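Enquirer: This is the structure I want to talk about, given as structure tokens.
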Amino acid sequence: MLRHIGIHIYDEDEIEHFYKNILRFEVVKSYPFYPEAAEKLFSTNEPVQVYRLQRFEVKLEVFVCPKPFNPGLSHLALEYWKAHELIEKAKNAGYAVIEFEKRPGKKGYFLKDKAGNIFEIKQINFV
């Protein structure tokens, strides 16, 4: 059973600008990460703030830490009503939107936050 997904960002302002305004997650809780755990996980002595975010049943645990990382091919797929509106909002806010053809006549969309986390955006479809 999936409890939550943990991701890493650099800039605390992304909580408001990207996760709340673009992806429409709500902050459930915020707390400082234990320095000893931050040293082990991120190899940093700098303070790390954690945000617990939720949208419907999807829960994210976002670690704010200025240490760089490479997410590789990892990504989260999220479904939205009127996904095209969210994609346009992200473009207008200056976020990277990657549009590609999945197959003839069918497009796919990925968004990146400023730390490089990748989100596949899908239209809700009950068919």
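Enquirer: Pull up all non-local amide H partners of I5: gap of 5 or more, or a different chain, and H-to-H distance under 5 Å with H placed in the peptide plane.
Expert: Amide H to amide H, under 5 Å and 5 or more residues apart or across chains, I5 pairs with K59, L60, E61.
Enquirer: Here's a follow-up. Arrange the following residues from fewest to most other Cβ atoms within 10 Å of their Cβ: F56, F18, F119, F63.
Expert: By the 10 Å Cβ count, ascending, the order reads F56, F63, F119, F18.
Enquirer: What list of ³J(HN,Hα) couplings, whole Hz, do you get for the range 52-68 from phi and the Karplus terms 6.51, -1.76, 1.60, once you set θ to phi - 60° and write x for glycine and proline?
Expert: With coefficients 6.51, -1.76 and 1.60, one gets 9, 10, 8, 9, 6, 9, 8, 10, 10, 10, 9, 9, 9, 8, x, 6, x Hz.
Enquirer: While we're on this one: Order by neighbour count: V62, V27, fewest other Cβ atoms within 10 Å first, most last.
Expert: So the residues, fewest neighbours to most, are V27, V62.
Enquirer: A follow-up question, please. Write out the GluC sites (Glu not before Pro) in the range 1-100 meeting two conditions: DSSP loop, and at most 10 other Cβ atoms within 10 Å of their Cβ.
Expert: Counting only loop positions with at most 10 other Cβ atoms within 10 Å, the GluC sites (Glu not before Pro) in the range 1-100 are E57.
Enquirer: Determine ³J(HN,Hα), in whole Hz, for all residues of the range 28-39 in sequence, where each value follows from phi through the Karplus function 6.51 cos²θ - 1.76 cosθ + 1.60 and θ = phi - 60°; x replaces Gly and Pro.
Expert: Those phi angles translate into 9, 7, 9, 7, x, 7, 4, x, 5, 5, 4, 5 Hz.
Enquirer: Now for a separate question. 7 Å from Cα along Cα→Cβ at both K89 and H4: what's the point-to-point distance in nm?
Expert: 2.2 nm
Enquirer: So for the range 47-127: antiparallel DSSP bridges make up what percent, rounded to the nearest 5?
Expert: Antiparallel bridges: around 80 percent, rounded to the nearest 5.
Enquirer: Trypsin sites (Lys or Arg not before Pro), restricted to the range 50-127: which are DSSP loop and have at most 12 other Cβ atoms within 10 Å?
Expert: Within the range 50-127, the qualifying trypsin sites (Lys or Arg not before Pro) (loop, at most 12 other Cβ atoms within 10 Å) are K82.
Enquirer: Need one number: nm distance between label points at E36 and F56, each 7 Å from Cα along Cα→Cβ, rounded to one decimal.
Expert: A separation of 4.0 nm, rounded to one decimal place.
Enquirer: Note down the nm distance, to one decimal, between modelled labels 7 Å out along Cα→Cβ at F100 and at K20.
Expert: Modelled inter-label distance: 3.3 nm.
Enquirer: Let me ask another. Each residue of the range 88-95 in turn: what ³J(HN,Hα) in whole Hz from Karplus with 6.51, -1.76, 1.60 and θ = phi - 60°, glycine and Pro shown as x?
Expert: 5, 4, 5, 4, 5, 8, x, 8
Enquirer: Go ahead and estimate [θ] at 222 nm for the chain from helices alone: -39,500 (n - 2.57) per DSSP H run with n ≥ 4, summed, over the residue count, rounded to 500.
Expert: -4000 deg cm²/dmol
Enquirer: Arrange the following residues from fewest to most other Cβ atoms within 10 Å of their Cβ: Y31, Y10, Y109.
Expert: Least to most surrounded, the residues fall as Y31, Y10, Y109.
Since every read-out is calculated from the coordinates, none of them should be taken as a lab result. Here the structure is a predicted model, which means the values were calculated and not measured. Cβ: placed from backbone, ideal geometry, glycine included. Neighbour counts: every protein chain shown.
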